[in-house]
Amino acid sequence: MSEENLPLGLAHGLMLDNPKITIPWQSDVTTLSSIGDPTILTSSKVTFVSWKDRTVFNGIEVDVQFRSDFNKIFWLDLRDKSRFESATAAFSYLRELVVERLGEPHLSQIDDGYPWEQWNYGSVRVSVRIAERFVEYVSFMVSKGL
């Protein structure tokens, strides 16, 4: 599949459903700060750009985060995670939503004992996995060029 024909506008960046805007790939903080009224936080070395209470992929409710030190990745944090009794339950829910939109994953694997699903479109990748750093959590990322 040509990258120009990627589903959900992924050829150009991450499309937000509300409002309907595209956050372009590999943009700088200055450009991103003018797209969709984000929150900007700066530490000594990293700037975080966040879009709260958004939907992506035709209705998946998330908060979106971009980090200046990883300008090829958008981290999507599933909203209202407290409704899930475990990371496994949240993963299953999110995986089902992504499969409805993108079809079955192109790659399914177990990484360090946890499931990791990937949809790969050339240099663009959508990833849903369970990870662990002190506690188990669901990681939902969209990246280009990694």
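Points to keep in mind about this one:
- Residues of type lysines that LYS45 reaches as a straight line, Cα spacing below 20 Å, ignoring anything fewer than 8 places off in the same chain: LYS72
- Only one residue of ILE35, VAL142, TRP119 has its Cα farthest out toward the positive end of the dipole of the chain, where Lys and Arg carry +1 and Asp and Glu -1 on Cβ, and that residue is ILE35.
- Cα centroid separation, region 37-55 to region 80-137: 23 Å.
- Over the chain, dividing the summed -39,500 (n - 2.57) contributions of all DSSP H runs of at least 4 residues by the number of residues returns a 222 nm mean residue ellipticity of -4000 deg cm²/dmol.
- Compactness of the chain was expressed as the Cα radius of gyration divided by 2.2 N^0.38 Å, which yields 1.02.
- Placing +1 on the Cβ of every Lys and Arg and -1 on the Cβ of every Asp and Glu, with no other charges, gives region 3-144 a dipole of roughly 300 debye about its Cα centre.
Read-outs throughout are calculated quantities, based only on the coordinates presented, and are distinct from any laboratory measurement. Being a predicted model, the structure only gives us computed values, none of them experimental. Backbone-built Cβ (ideal geometry, glycine too); neighbour counts: all protein chains shown.
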